[in-house]
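All remarks here apply to the structure that follows.
The values are calculated or read from the model by the stated rules, or taken from the named source; none is laboratory data. In this text the structure is predicted, and so the values were computed from the model without any measurement. Positions of Cβ are generated from backbone atoms using ideal geometry, with glycine treated the same way; all protein chains shown enter the neighbour counts. Calculation scope for accessible area: heavy atoms of the full protein, side chains included, ligands and nucleic acids excluded. Shrake-Rupley method; radii C 1.70, N 1.55, O 1.52, S 1.80 Å.
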2 protein chains.
Amino acid sequence: MSTIRGARERARSEVTAAIKDEARRQLAADGAAKLSLRAVARELGMVSSALYRYFPSRDDLLTALIVDAYDAVGATAEAARATPRGSSGPHPARWTVVTCAVRDWALAHPHEYGLIYGSPVPGYTAPQDTVGPASRVGLVLLGLARDAYLTDGLAAPPLAPELRPEAERMTADLAPDLPPAVVAALVAAWAQLFGLISFEVFGQFTRVVEERDPFFRRASRELARSVGLLDGRTAGTGSTGRAMS
Amino acid sequence: MSTIRGARERARSEVTAAIKDEARRQLAADGAAKLSLRAVARELGMVSSALYRYFPSRDDLLTALIVDAYDAVGATAEAARATPRGSSGPHPARWTVVTCAVRDWALAHPHEYGLIYGSPVPGYTAPQDTVGPASRVGLVLLGLARDAYLTDGLAAPPLAPELRPEAERMTADLAPDLPPAVVAALVAAWAQLFGLISFEVFGQFTRVVEERDPFFRRASRELARSVGLLDGRTAGTGSTGRAMS
DNA sequence: TCTAAAGCAAGAGCAGTGCTCTCGTTAGTG
DNA sequence: CACTAACGAGAGCACTGCTCTTGCTTTAGA
């Protein structure tokens, strides 16, 4: 129905997309701080006030870009998981395919990455619209763990007693079919993964790490190990998951 | 000599400090994006142009705040290491004392933390002045690993062949007295540590991790394990460091 | 089919920003 | 004592986000 009722609405969505595209261009060129509504409007041949028909404020434009960036990196992770190399073979290798894909996207889009995993730029509180797209990468990693658990099993990592309640809470929220120890370790690995990527994208590795590809691959492998992913040859030997749940 | 020659120079350094203090206040209140030279000057009772006698541009003022923030978090880490609980006892416990201190500082100064470990705000290239202060936390962690290596030994983590050249390069640069596998693992753990802290400070754990203290402690312990820190009871059993170097 | 309503672009304008330049003035140096 | 260099103040430029008003066009309803 939106195609027939279109006409005006289609024009609107086209202009909206053009604004976001130009904004993304400026974001990639100069960074989020220099992104200017007036410059976007100027480049699009309209006057700045016209732009407010589409985005009520600069922060709302930025929020739209944030959602898009979350979706882009999420789609990248999901695509890597659907790849032949990402959906078969030893589980740590699949894990590494996904993490490397995320890292590659981050290095290719540093400013968009900074928008979502750097300091929160806008009014300090992330809008509600971002929570869905923001979880896509995490869900892919969770899916990898679930796959491993259902096929070859998992070497469930240790779970300190004082963390058990929180681990069980996270498990109920995120993946009731996985052992709490695995879920807790996976959330930690998720954050640590983006620590590695952020340090690389934000230049913290300058003059410290030079050969970053093997460095990241090793760290990613260790991360997979920390959530208990087995490489198949040792299939099942450490599967204590069900017993611990 | 600077005390006698002072008078004017002392006044200058006092004004400089006052500017930085007020800027830090505004930074903590509203974030780096909203920090305004004019507002700082206004609050200090001077006119905005006078402020340019002390900082040639807004980015230079921000850079000064960045250096100060690096120094603050570095000093925090060093102080934690010098603490009784940070300088004795099992090595993973010492490690956790330091990492928790860094985390506490970050949670107490979120905007300053974002300034140094979030998206690079200024002209995209970090000035040379920041490399020294920026490495202080890393050096503390390195010192912890060295202590462990010299007393109880280290369970040197695995080192993939393709990472060996880079690991040896990093070792020559950072800590020639440590096994390359440990140095490589430590650099990775360093980045992963700030991934955990950043996710917490930047709100990525909202509605995901609730009980964050035990969560962080567990992750920190695992990080210590990943660099090979032993807890003393198993002293020496896994010390393969010298053999691998 | 005609009309009222809603969506839209444009322009002027406000308050605020970073930054530059030009002035007197004041404080340390030879 | 005279000189120079540092300093604070002010005006001003180009820019920003954002608001309000003014007309025009498209859409929807009687």
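Worth pointing out:
- Distances in nm from A:Glu9 to the matching label points in the other copies, shortest first (labels 7 Å along Cα to Cβ): 7.2
- Computed over the range A:10-64: relative contact order in percent, which uses C-alpha pairs under 8 Å that are six or more apart: 32
- Structural descriptor for chain A: relative contact order 22 percent, calculated from alpha carbon pairs under 8 angstrom and at least 6 residues apart.
- For peptide B:27-36, the mean count of partner chain Cβ atoms within 10 Å of a residue's Cβ comes to 2.
- Per atom type, the range A:39-91 shows carbon and sulfur on 52% of its accessible surface, probed at 1.4 Å.
- Sorted from closest to farthest, the other copies place their A:Ala93 label points 4.4 nm away, with each point set 7 Å from Cα along Cα→Cβ.
- Longest DSSP-loop-exposure-free segment, GluC sites (Glu not before Pro), chain A, at most 15 other Cβ within 10 Å: A:1-209
- Note: relative contact order over the range B:61-106, using C-alpha pairs below 8 Å and six or more positions apart, is 37 percent.
- Chain B, dipole about Cα centre (Lys/Arg Cβ +1, Asp/Glu Cβ -1), debye to the nearest 20: 340
- Restricting the range A:175-232 to trypsin sites (Lys or Arg not before Pro) in coil, as DSSP defines it, with at most 15 other Cβ within 10 Å: A:Arg207
- Cα centroid of the range B:155-234 to Cα centroid of the range B:64-110, whole Å: 15
- Taking the 1.4 Å solvent-accessible surface of the range A:125-228 as the whole, the part contributed by carbon and sulfur is 54%.
- Residue by residue along A:200-206, Cβ atoms of other protein chains within 10 Å of the local Cβ number 5 on average.
- The range A:3-47: Cα Rg divided by the 2.2 N^0.38 Å rule of thumb: 1.34
- Qualifying trypsin sites (Lys or Arg not before Pro) in the range A:12-68, where qualification requires a DSSP coil assignment and no more than 15 other C-beta atoms within 10 Å, comprise A:Arg53.
- Accessible area per residue, Å², the range A:74-177 with all protein chains present, probe 1.4 Å: 41
- Chain B against chain A buries an accessible area of about 4100 Å², both chains summed, 1.4 Å probe radius.
- Of A:Gly45, A:Gly74, A:Gly153, the one that fluctuates the most in a GNM where chain A has Cα springs shorter than 10 Å: A:Gly45
- Shape category assigned to the protein assembly as shown from the gyration tensor of Cα positions, a/c cut at 1.5: oblate
- Average beta-carbon neighbours from other chains, 10 Å sphere, peptide B:157-166: 4
- Simple spin-label estimate for B:Val47 and B:Ala29 gives 2.4 nm between the two label positions (7 Å along the Cα-to-Cβ direction from each Cα).
- Spacing of the two label points (7 Å from each Cα toward its C-beta) at A:Ala160 and A:Ala39, in nm: 4.6
- Counting only whole DSSP H helices of chain A, the ones at least 27 Å long by C-alpha along their axis and with mean Kyte-Doolittle hydropathy no lower than 1.6 are A:180-201.
- More than 14 Å apart - percent of Cα-Cα pairs taken over the range A:76-147: 63
- Over chain B, DSSP H runs of length four or greater, each weighted -39,500 (n - 2.57), average out per residue to a 222 nm ellipticity of -20500 deg cm²/dmol.
- Rg(Cα) / (2.2 N^0.38 Å) computed for chain A, rounded to two decimals: 1.18
- On the rotation that sends chain B to chain A, the chain B Cβ lying closest to the axis gives residue and distance in whole Å as B:Gly195, 1.
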